[in-house]
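Enquirer: A single structure is presented below for examination.
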Amino acid sequence: GKKVIYGWLGITIQNLDDTLAAYFGLADKKGVLVSQVLEDSPASKAGIKNGDIILKLDGKETNNANALLKIVGNSEPGARIKLDMLRDKKPLSLTAVIGSRPENIDEAGKPAVRETSSDYWRGIKVEAITPDSAGKSRLGGYAGVAVVDVQPDSPAEEAGIVSGDVILEINRIYIDSITAYKKVIQAAKGDCLARTVRGFFVIKSE
């Protein structure tokens with residue numbers, strides 16, 4: 001049989017909920033939030049970044065993740081596609097060249113072996129990622145910090161963070177160790193935008 005080649009951008013995306021839409025200053029939940037851009041992918045080469053909100057592809061509205069995946073999947077590899085987006089609440093247009101989805105996508109990060117755990121912050125306790133926890137989190141590499149406990153009725157629980165999540169960024173600052181995590185949370189004020197392997201979450205201040 002003929003192999004079907006689907007168009008591919010190399011991004012992980014999520015739908016906007018009310019909290020995320022409010023955080024990004026959107027009047028409604030139309031658009032798709034980019035939660036991860038794979039290295040050396042068509043999206044990365046086009047300049048797409050984590051936290052971008054894609055509103056249209058080639059003039060077609062991408063009101064949700066399914067709409068975007070359908071347009072990209074039906075595009076021929078090599079085709080140029082225009083993206084209308086928002087970045088930091090400002091309109092932005094980029095052009096990406098559609099790629100073909102690789103056989104195996106390696107999302108490896110860098111090992112982080114230093115301090116091993118943290119105190120609770122907004123109901124979250126984290127640990128440095130070990131090969132064991134990396135396997136459990138379905139994460140290829142060891143970037144980020146692993147959530148090992150979430151206190152009931154805490155801002156983290158209300159945000160939807162669960163034990164086993166891997167936090168990759170807080171307020172757009174990349175976290176590759178417990179040391180980096182502690183530095184970010186010490187400076188964090190107000191509502192914080194956390195990016196995990198599952199996507200973005202807004203953790204409100206206590």
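Computed from the coordinates by the stated procedures, all read-outs in this text should not be read as laboratory data. Remember, predicted model here, so these are calculated numbers, not experimental data. Note that we place each Cβ from the backbone using ideal geometry, even for glycine, and neighbour counts take in every protein chain shown.
Enquirer: Mind giving me the nanometre distance, one decimal, between the label points for Asp149 and Thr95, set 7 Å out from Cα along Cα→Cβ?
Expert: Each label point is offset 7 Å from its Cα along the Cβ direction, giving 5.5 nm.
Enquirer: Now a separate question. By counting other Cβ atoms within 10 Å of each Cβ, how are Glu76, Glu61, Glu169 ranked from fewest to most?
Expert: Fewest to most other Cβ atoms nearby, the residues stand as Glu76, Glu61, Glu169.
Enquirer: Report relative contact order for region 7-100 in percent, whole number only (criteria: Cα-Cα under 8 Å, sequence separation at least 6).
Expert: Reported as a whole number, the value is 32 percent.
Enquirer: Of Ser100, Ser93, Ser75, how do they rank once you tally other Cβ atoms within 10 Å and put the fewest first?
Expert: Least crowded to most crowded, the residues run Ser93, Ser100, Ser75.
Enquirer: Follow-up question, since we're still on this one. Whole angstrom only: what separates the Cα centroid of region 172-206 from the Cα centroid of region 1-69?
Expert: With region 172-206 and region 1-69 each reduced to a Cα centre, they are spaced 22 Å.
Enquirer: What is the local net charge at Glu61, summed over the other residues whose Cβ is closer than 10 Å to its Cβ (Lys, Arg +1; Asp, Glu -1)?
Expert: Result for the neighbourhood of Glu61: +2.
Enquirer: What length, rounded to one decimal in nm, is gained on full extension from Tyr174 through to Lys189, with 0.36 nm per residue of separation minus their alpha-carbon distance?
Expert: Between Tyr174 and Lys189, full extension yields 3.7 nm more.
Enquirer: Fewest to most neighbouring Cβ within 10 Å: what's the order for Ile13, Ile185, Ile173?
Expert: Numbers: Ile13 22, Ile185 19, Ile173 13.
Sorted ascending by nearby Cβ count, the order is Ile173, Ile185, Ile13.
Enquirer: Past 32 Å, Cα to Cα, is the threshold; run Lys60/Lys182; Lys82/Lys189; Lys82/Lys125; Lys70/Lys182; Lys45/Lys70 against it and keep the listed order.
Expert: On the way: Lys60/Lys182 42 Å; Lys82/Lys189 36 Å; Lys82/Lys125 41 Å; Lys70/Lys182 40 Å; Lys45/Lys70 21 Å.
Correct reply: Lys60/Lys182; Lys82/Lys189; Lys82/Lys125; Lys70/Lys182.
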